[in-house]
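> Have a look at the structure that comes next, please.
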Amino acid sequence: WKNDRAAYLDELIWLEGRGDAVDSVCVQCRELPALIRCDDCFGQAMYCERCVVGQHVKTPLHQVKKWNGLYFECVTLKVLGLWIQLGHPPGQRCVNPRHAFNDDFVVMDSLGIHEVSLDFCSCETAKDHVMQLLRMCWFPATPTDPRSAATFRVLEAYQLLSFESKASALEFYQSLVRLTNNTGLPPPVRSVICLSNSNLFT
C-alpha cells in the first residue's frame with residue numbers, strides 16, 4: 001500500500017478535475033460544450049446539459065456536477081431542465097399536466113435530497129396524486145396535496161439501519177443532508193417530514 005500511495009492520490013486528484021475530457025465537447029452529441037458529469041452514472045464521461053437531461057429521464061434522482069472553469073460545483077437536474085411527469089411512462093408528456101405546488105417538490109432518496117420539477121397527470125383516467133407517487137415507489141409525506149416524498153429505497157435503508165445500528169431518524173437524515181451537500185448549507189426543510197412518517201411505510 002505504501003508503495004502505491006502516490007498513484008492512488010494522483011488518481012483521486014485526477015477525478016477532481018475534468019479527467020480525460022480535454023476536448024470539452026459532449027461525448028454524445030459531439031456538438032455542445034461538455035460541462036456536466038454525473039456522480040451516480042458509471043464512468044466519468046462529460047456531457048452537455050441537453051444530453052445529460054435526456055439521459056436522466058429514467059434516473060431523475062442522480063447527483064450531477066457542472067464544471068465552472070475551475071472546479072465542479074453541485075447543480076440539480078431541475079436547474080438543467082429535467083421535468084418529471086407522473087402517470088405516464090418516463091419521457092412521455094401529459095396532455096393535461098398539473099404542476100406540483102410552487103414547483104418545489106422535494107424527494108428524499110438514498111443518494112441524497114433532491115428538489116425536482118414535477119407534474120402530476122390530470123387526464124380523465126388519472127389516479128389521485130398520492131397514488132401517482134406510490135406507483136413511482138415514492139412515499140408521500142402527506143396524503144393531502146403532497147409536496148415531498150421519500151423513495152421506498154431510502155425508507156427501506158433507514159428501516160434496516162435503525163434495526164442494526166439503532167440510528168435515529170435525525171441521524172439518518174443528517175447523513176443524507178451531508179451526502180447531498182456537505183458544505184453546511186441548509187437542505188429543503190420539508191425533507192425531514194418524510195422520515196417522520198416512515199413508520200407508516202413499514
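The values are calculated or read from the model by the stated rules, or taken from the named source; none is laboratory data. In this text the structure is predicted, and so the values were computed from the model without any measurement. Backbone-built Cβ (ideal geometry, glycine too); neighbour counts: all protein chains shown.
> In this structure, is ASP4 farther than 14 Å from PHE72 by Cβ, exposed (fewer than 12 other Cβ atoms within 10 Å of the Cβ), free of Cβ contacts under 8 Å to residues at least 12 places away in the same chain and among the acidic types (Asp, Glu)? Step through it out loud before you land on a result.
On the way: farther than 14 Å from PHE72 by Cβ: yes; exposed (fewer than 12 other Cβ atoms within 10 Å of the Cβ): yes; free of Cβ contacts under 8 Å to residues at least 12 places away in the same chain: yes; among the acidic types (Asp, Glu): yes.
So ASP4 passes the test.
> Out of all the residues in region 135-167, which are assigned to a helix (DSSP H, G or I), hydrophobic (A, V, I, L, M, F, W, C) and closer than 14 Å to MET108 by Cα?
Scanning region 135-167 gives PHE152, VAL154, LEU155, ALA157.
> Now for a different question. Among the residues that make up region 32-49, is at least one of them under 13 Å from the mean Cα position of the chain (by Cα), part of a strand (DSSP E or B) and either at pLDDT 90 or above or not assigned by TED's automatic domain parsing to the domain that holds GLY184 (or both)? Walk me through how you get there before you give the answer.
Within region 32-49, the first condition is being under 13 Å from the mean Cα position of the chain (by Cα), and the residues that meet it are 38-41.
Narrowing the set further to residues that are part of a strand (DSSP E or B) leaves 38.
The next check asks that each one be either at pLDDT 90 or above or not assigned by TED's automatic domain parsing to the domain that holds GLY184 (or both); those that pass are 38.
Yes, some residue in region 32-49 is under 13 Å from the mean Cα position of the chain (by Cα), part of a strand (DSSP E or B) and either at pLDDT 90 or above or not assigned by TED's automatic domain parsing to the domain that holds GLY184 (or both).
> A further question follows. In region 85-100, is there at least one residue being exposed (fewer than 12 other Cβ atoms within 10 Å of the Cβ), over 15 Å from the mean Cα position of the chain (by Cα) and among the basic types (Lys, Arg)?
Taking region 85-100 and keeping what is exposed (fewer than 12 other Cβ atoms within 10 Å of the Cβ), we get 89, 91-93, 95.
Going one step further and asking which of them are over 15 Å from the mean Cα position of the chain (by Cα), we end up with 89, 91-93, 95.
If we keep only those that are among the basic types (Lys, Arg) too, we end up with 93.
Yes: region 85-100 contains one or more residues that are exposed (fewer than 12 other Cβ atoms within 10 Å of the Cβ), over 15 Å from the mean Cα position of the chain (by Cα) and among the basic types (Lys, Arg).
> Hey, any hits in region 8-19 for a residue that's over 19 Å from ASN181 (Cβ atoms), without any contact (Cβ under 8 Å) to a residue 12 or more places away in the chain and among the hydroxyl-bearing types (Ser, Thr, Tyr)?
Yes.
> For region 103-151, what are the residues that are on the phi > 0 side of the Ramachandran plot and buried (at least 22 other Cβ atoms within 10 Å of the Cβ)?
Restricting attention to region 103-151, the residues satisfying the condition of being on the phi > 0 side of the Ramachandran plot are 103, 112, 137, 145.
Correct list: GLY112 only.
> Exactly one of (1) in a helix (DSSP H, G or I); (2) at pLDDT 90 or above is unmet by HIS62. Its number?
Failing condition for HIS62: (1).
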